[in-house]
Amino acid sequence: MTRMLVTGGAGFIGANFVRHTVRHHPRYRIRVLDALTYAGDERALDPVADRIEFVRGDVCDAGLVDELVADADVVVHLAAESHVDNSLDDPSPFVRTNLLGTFTLLEAVRRHDRRLHHVSTDEVFGDLGAGSTERFTETTRYDPSSPYSATKAGSDLLVRAWVRSYGVRATLSNCANNYGPFQHIEKFIPRQVTNLLLGRPTKLYGTGENVREWTHVDDHNAAVHLILERGRIGETYLVGSGGEQTNKQVLDLVLELMDQAPGSYEHVPDRPGHDLRYAADSTKLRTELGWRPRHADLRAGLTRTIEWYRANEWWWKPDKDTTEARYRRLGR
Ligand code: NAD
Ligand code: DAU
């Protein structure tokens, strides 16, 4: 058995990653470290609870992290503050968890010479022109726009420095926007779906012309496994489905799939510094490691995701009022 520590394993991508790993990679014995912030929910791990060990704790807690890393062979690092709007409102937990947390983990990984995979975002590159056909690559210059992306960029640079200066055995991935089950309802797609399920208006920032490249969370997690198994140490791999859509297009598709008239959304004030377009060139991942998105059909993926939110009201409904109260305070 290979001992795997997953930080942030009760969050959206982390919980899907843990469930995917238990199902498809039984050689791993998994331990999850998660602080259970507002974004973490241990119940997402219920179906695999008897196959994993859950530790509630902070990735900035050096003593705890040292102990857990010493007892692991592989570490997959997902713990982070992840929502751009929250980072604009209060950057401090982002600086702490994303920078200090990654530093704390890196020091433990260095001491115990463990294999690390660092999960990051394509937002570290900033944005692309709205009408351009350019795509981010592994060598695109870092140019983050928000406190969230700046702290993720900083965490990536820490990992790269620890590889080069201390010989830490780490890989990195920078993925485009994920969607799927267990995504917090503060994020774009689940916010709109749950609004519609409750008979409330959907909310579109600014013009709605901003472009994102929606990638199903299972495709992202399959990429992480390929990188863990065959990725080259020190290398970065971009992950993206190739399916670019404006926010308006995604929202119209959600409306159609939920039997609502197209264009029925409320325009709310734009996010400050709102990145215009993300698009990741995942050629390296595809050619070197043979990755292919299995859920590239957004209509099919969204249909399943909408069904999941419809069937799992118990999971999201208790958070809805608090989440929307936070948005009201932000004017969005
Ligand atoms: P999420 O907010 O849903 O989950 C984050 C998890 O980290 C939560 O379970 C939370 O409790 C935990 N956490 C937060 N602070 C912690 C701390 N100090 N100590 C321990 N645990 C802590 O985020 P997500 O969308 O699942 O993203 C996971 C990772 O993937 C992040 O690093 C994010 O930057 C990256 N990423 C996300 C996307 C996306 O579209 N969601 C795309 C690319 C990369
Ligand atoms: O690209 C990867 C990134 O994708 C990850 O690193 C982040 O963790 C993840 O949150 C996501 O960031 P975005 O800012 O792109 O995602 P979000 O779901 O917040 O918003 C997607 C788009 O939808 C963005 O252009 C803002 C817009 N939006 C968002 C909300 C919540 C709306 O128009 N209305 C909304 O209500």
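None of the figures in this text is laboratory data; all of them are computed from the coordinates on show. What you are looking at is a predicted structure, and each value in this text was computed from that prediction instead of being measured. Cβ coordinates were reconstructed from backbone atoms using ideal geometry, including for glycine residues, and neighbour counts include every protein chain displayed.
Annotations
- Among the DSSP helices (H) of the chain, those spanning at least 24 angstrom by Cα along their long axis with an average Kyte-Doolittle hydropathy of -0.5 or more are 147-166; this is a geometric and hydropathy rule only.
- Each Lys and Arg contributes +1 and each Asp and Glu -1, all at the Cβ; summed about the Cα centre of the range 165-244, the dipole is approximately 220 debye.
- Lysine pair count for the chain [Cα-Cα under 21 Å; pairs on different chains or 8 or more apart]: 8
- Exposure proxy ranking, count of Cβ atoms within 10 Å, fewest first, for Asp73, Asp275: Asp73, Asp275
- Computed about the Cα centre, the dipole magnitude for the range 243-332 is approximately 260 debye when only Lys and Arg (+1) and Asp and Glu (-1) carry charge, each at its Cβ.
- Along principal axes, Cα extents of the range 88-220, largest first, whole Å: 53, 34, 31
- Couplings 3J(HN,Hα) for the range 134-140, derived from phi with the Karplus relation 6.51 cos²θ - 1.76 cosθ + 1.60 (θ = phi - 60°), are 4, 10, 5, 10, 4, 9, 4 Hz, where x marks Gly and Pro.
- A Cβ-based charge dipole, computed about the Cα centre of the range 74-215 with Lys and Arg at +1 and Asp and Glu at -1, lands at about 520 debye.
- Counting other Cβ atoms within 10 Å as a rough exposure proxy, the listed residues Lys317, Lys187, Lys152 run Lys317, Lys187, Lys152 from fewest neighbours to most.
- According to the calculation over all Cα-Cα pairs in the chain, the P(r) per 20 Å bin from zero is 32, 61, 7 %.
- Legend: ranking of residues Cys60, Cys175 from fewest to most surrounding C-beta atoms inside 10 Å; resulting order Cys60, Cys175.
- Average projection, convex hull of the Cα set of the range 107-176: 5.0 square nanometres.
- Based on DSSP H segments of at least four residues, each scored -39500 (n - 2.57), the chain has a per-residue ellipticity at 222 nm of -12500 deg cm²/dmol.
- Backbone amide hydrogens, once placed in the peptide plane, bring Cys175 within less than 5 Å of Ser120, Thr121, Asp122, Val239, excluding anything fewer than 5 places away on its chain.
- Normalised Debye scattering of the range 26-120 at q = 0.14, 0.21, 0.22 Å⁻¹ gives log10 I(q)/I(0) of -0.54, -1.13, -1.21, counting only Cα atoms as equal scatterers and leaving out solvent.
- The range 155-276 - Kirkwood radius from inverse mean 1/r over Cα pairs (Å): 16.6
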